[in-house]
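Heads up, the thing below is written out as structure tokens.
Taken together, the values in this text are just the output of simple stated rules run on the coordinates, not laboratory data. Source: prediction; values computed, not measured. Note that each Cβ is placed from the backbone with ideal geometry, even for glycine, and that neighbours are counted across all protein chains shown.
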Amino acid sequence: MAPDSGAVVGDDGLARPLWASVDPLLREYYDTEWGLPVTDEQGLYERICLEGFQAGLSWATILRKRPAFRAAFAGFNPDAVALFTEADVERLMQDPGIVRNRLKIRSAITNARATLELRQDGGLVDFVWQFKPAETPRPAFHAEIPTQSPESVALSKALRKKGFSFVGPTTMFALMEAVGMVDTHLLDSHRRGSSGIWPAPGL
């Protein structure tokens, strides 16, 4: 690990955080997806659900199970998931491909219904993105990356008022990182500034 940056230079010559430097799946996710803007309802609903399922687990676990999650939850189409019944909950509890946690499964269904309700109030995307902060962290080391922020606390409270669950402040900060609302790429990472929302280092 570079002593002055916290980033790790890979065999391809590119610098990444330690968490994205070893596992090929995490590396691909970091290079091609993490931190890029998600501005469609279905995509944002999926991310909220997966962040909720991740609580207490590693993101690598969720990422490996994502194809099974998508199959189990109708591609995270909120219109379809909102119609799930207790029979579907029981069916999903028997699915070894996903995280079989009854509360989290029910939360995904609840959040689908809340997503549909939000369409009367501007929609999920505008609702979530209104909490984008005015500034983003500029971490050189992993230890400098916060785990929550005033905006993630406010987003958590606002979503809970709208009927969402498993949307705590830390989970919502992870969401904000994943969908580009904040840029917590390390300053020396080759992905810093890649969202197109926040400037690259030195700008």
- Around residue 8, which amide H atoms from residues at least 5 apart in sequence, or from another chain, sit under 5 Å from its own amide H, with H modelled in the peptide plane? 16, 18
- Message: Explain nothing, just the number: relative contact order of the stretch 98-203, from Cα pairs under 8 Å at least 6 residues apart, as a whole percent.
- Response: 27
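Note down the relative contact order for the stretch 1-137 as a percent, whole number, built from C-alpha pairs under 8 angstrom at least six residues apart.
Once normalised by length, the contact order is 20 percent.
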- Once the in-chain neighbours fewer than 8 apart are removed, the aspartates and glutamates whose Cα is under 18 Å from residue 65 read 23, 28, 33, 46, 51, 95
- Note on the structure: In deg cm²/dmol, rounded to the nearest 500, the helical mean residue ellipticity at 222 nm of the chain, built from -39500 (n - 2.57) for every DSSP H run of length 4 or more, is -14000 deg cm²/dmol
- Place +1 on the Cβ of every Lys and Arg and -1 on the Cβ of every Asp and Glu in the stretch 95-203, take the dipole about the Cα centre, and give the residue among 122, 108, 142 whose Cα lies farthest towards its positive end. 108
- Message: Between the stretch 29-51 and the stretch 126-193, how far is it from one alpha carbon centroid to the other, in angstrom?
- Response: 12
- Dipole of the chain (Lys/Arg Cβ +1, Asp/Glu Cβ -1, origin at the Cα centre): which of 21, 169, 131 lies farthest to the positive side? 169
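Any idea what the dipole of the chain comes to, in debye rounded to 20, about its Cα centre with Lys/Arg Cβ at +1 and Asp/Glu Cβ at -1? Numbers along the way, then the final one.
Details: 22 positive and 25 negative charges, 132 e Å.
Dipole about the Cα centre, nearest 20: 640 debye.
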